[in-house]
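Since the structure comes first, as structure tokens, the remarks are kept for the end.
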Amino acid sequence: MSGAISELDDDTAIEPLGPPHEGRSRFAATLTDRWSIGTAPNGGYLAVVAARALGAVLPHPDPFSASTHFLAPARPGPAEIAVEIVRAGKGHSTGEARLFQEGREVLRMIATFGDLGALDPEAPTAIATTPPELPPIESCERSRPAPSVASIGERLDIAIAPGTLSWLSGAHNERAELAGWVRLRDGRAPDALSLLFFADAFPPPVLNLSAVRTPWVPTLELTVHVRARPAPGWLRASFRTRALMRGYLEEDGEIWDEQGTLVAMSRQLARVQRF
């Protein structure tokens with residue numbers, strides 16, 4: 001990046017609105033239209049804004065778990081974040097963030113922070129999953145949506161495993177699964193905070209089902225568990241939906257860094273939008 005400020009950092013910047021009072025703080029932010037799908041800012045982008053405000057007041061550096069409930073559509077423009085410290089312990093701290101626009105609460109996040117760098121490497125570890133097997137990046141599909149459809153596509157470099165974006169050609173493969181490589185296009189290295197964004201950055205795999213007739217699948221709730229600080233470079237991720245019931249679905253995700261470390265796991269509840 002040659003010392004330039006990343007778009008993600010620039011577009012999630014916050015400013016304090018007065019001093020903290022009894023464990024409560026307020027911050028100002030400006031949501032941009034550079035991370036949108038249609039007219040709505042991406043949910044992972046909004047989660048980073050809220051988590052950045054929490055990180056400014058909690059005594060630990062890294063999000064361990066962040067659950068975000070999306071209460072109303074956000075729009076590009078001014079926003080205010082109200083933050084409350086729920087508990088500050090020795091190893092973990094928990095806080096709540098509420099993001100408002102024009103007096104309306106848009107989202108609410110509760111998150112637990114800790115220090116990923118302080119975890120004991122000798123502590124019990126058992127991982128019953130493996131990174132997705134992906135072809136080389138140059139052999140993957142590098143399609144980007146038009147900026148008028150999804151400006152977020154201009155910020156991302158995504159390489160999807162061949163054949164897993166079947167819905168784009170209209171030949172639905174009936175497998176609600178996607179896997180691929182991803183990084184920020186401006187070269188910013190991934191970190192623990194950005195994993196909240198990457199967990200919501202891929203197209204919804206449920207679009208591969210012929211029963212889904214619309215590309216609009218808004219997220220109602222997103223939970224991300226951050227397991228390790230990622231190494232610089234590409235991330236590889238996989239997402240799948242096992243149950244679409246009466247228009248509502250879950251989506252499970254795994255994110256691995258370039259060294260093969262599991263760095264985040266996610267689950268979200270979403271709804272197939274009907275027009």
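A few notes on this one:
- Accessible area per residue in Å² at 1.4 Å probe, computed on the chain: 49
- Using a probe of 1.4 Å on the protein chains alone, the accessible area found for Glu7 is around 40 Å².
- Whole-number percent relative contact order across the range 101-242, with pairs defined as alpha carbons under 8 Å at least 6 apart: 26
- Heavy-atom accessible area with a 1.4 Å probe sorts Asp10, Asp115, largest first, into Asp10, Asp115.
- Over the range 41-153, Cα pairs under 8 Å with separation of 6+ residues give a relative contact order of 25 percent.
- Heavy atoms of Arg52 accessible to a 1.4 Å probe, total area in Å² rounded to 10: 60
- Measuring nothing but how far apart in sequence close Cα pairs (under 8 Å, 6+ apart) lie, relative to its length, the range 152-194 scores a relative contact order of 46 percent.
- C-alpha long axis of helix 43-55 to longest principal axis of the chain, angle in °: 20
- Computed accessible area, Met265, all protein chains, 1.4 angstrom probe, square angstrom: 60
- Phi-derived couplings, Karplus 6.51 cos²θ - 1.76 cosθ + 1.60 at θ = phi - 60°, listed residue by residue for the range 235-249: 9, 10, 9, 9, 9, 8, 10, 9, 9, 10, 10, 6, x, 9, 8 Hz, with x used for Gly and Pro.
- When the charge dipole of the range 95-219 is built from unit charges on Cβ atoms (+1 for Lys and Arg, -1 for Asp and Glu) and taken about the Cα centre, the candidate among Pro190, Pro136, Ile158 whose Cα reaches farthest toward its positive end is Ile158.
- Put a plus charge on the Cβ of each Lys and Arg, a minus charge on the Cβ of each Asp and Glu, and nothing anywhere else: the dipole of the chain about its Cα centre is then about 740 debye.
- Modelled this way, with points 7 Å down the Cα-to-C-beta line, the labels at His92 and Glu221 are 1.7 nm from one another.
- Percent accessible area from carbon and sulfur atoms, the chain, protein chains only, probe 1.4 Å: 53
- Residues whose amide H falls under 5 Å from that of His92, counting only those 5 or more places apart or on a different chain, are absent, with hydrogens built in the peptide plane.
The values are calculated or read from the model by the stated rules, or taken from the named source; none is laboratory data. All values reported here derive from a predicted model rather than from experimental measurement. We place every Cβ from the backbone using ideal geometry, glycine too, and count neighbours over all the protein chains shown. For accessibility, only protein heavy atoms count, side chains too; no ligands or nucleic acids. Shrake-Rupley method; radii C 1.70, N 1.55, O 1.52, S 1.80 Å.
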